[in-house]
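Below is one structure, written out as structure tokens, with a few remarks after it.
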Amino acid sequence: MPTPSIGRIVHYRLSADDAADINRRRRDFQRGPGYADRTGYIGHVGNEALEGALAPAVIVRAFDDPDTVNLHVLLDGNDTFWATSRREGTDVGQWTWPVREE
């Protein structure tokens, strides 16, 4: 497998805590005054985040331990999720290299 480095695209599987945090931020924006008044305030908007959902992510920091990275997870909406100190693996809350299709 390749060595993790800044800018590489990987896949990240959302945990229940990740999904709850993302959905809370999106609900808070929808309930706030900026959403209804259309003041130009940019908030968190998108489809519901679910535990186990797979999303593309960009490595924004690689550590000495090659299995641990910080990620900006690209969500199905206008926002991202910063996943810090995440390890490589196939479980929720972990990242993996994309499978190359031939």
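With viscosity set to 0.692 mPa s at 37 °C, what whole-number translational diffusion coefficient in µm²/s follows for the chain from Stokes-Einstein and a Kirkwood radius over Cα pairs?
Values: Rh = 14.4 Å.
The calculation lands on 227 µm²/s.
The mean sequence separation of alpha-carbon pairs under 8 Å and at least six residues apart, normalised by the residue count of the chain, gives a relative contact order of 34 percent.
Going by alpha carbons, how many degrees (0 to 90, nearest 10) lie between the helix axis of 16-31 and the longest principal axis of the chain? Once rounded, the angle reads 20 degrees. All other residues whose Cβ lies under 13 angstrom from that of residue 58 are scored, Lys and Arg at +1 and Asp and Glu at -1, for a net of +3.
Please check: in the Gaussian network model of the chain (C-alpha springs, under 10 Å), which one of 65, 79, 17 has the largest mean-square fluctuation. Ranking 65, 79, 17 by mean-square fluctuation puts 65 first. In order along segment 79-91, phi translates into HN-Hα couplings of 10, 10, 10, 8, 9, 9, 6, 9, 9, 6, x, 10, 7 Hz, rounded to whole numbers, per the Karplus curve 6.51 cos²θ - 1.76 cosθ + 1.60 with θ = phi - 60° and x for Gly and Pro.
FYI, it's all coordinate maths here, none of it is from the lab. Since the model is a prediction, treat every value here as computed from it, not as a measurement. Positions of Cβ are generated from backbone atoms using ideal geometry, with glycine treated the same way; all protein chains shown enter the neighbour counts.
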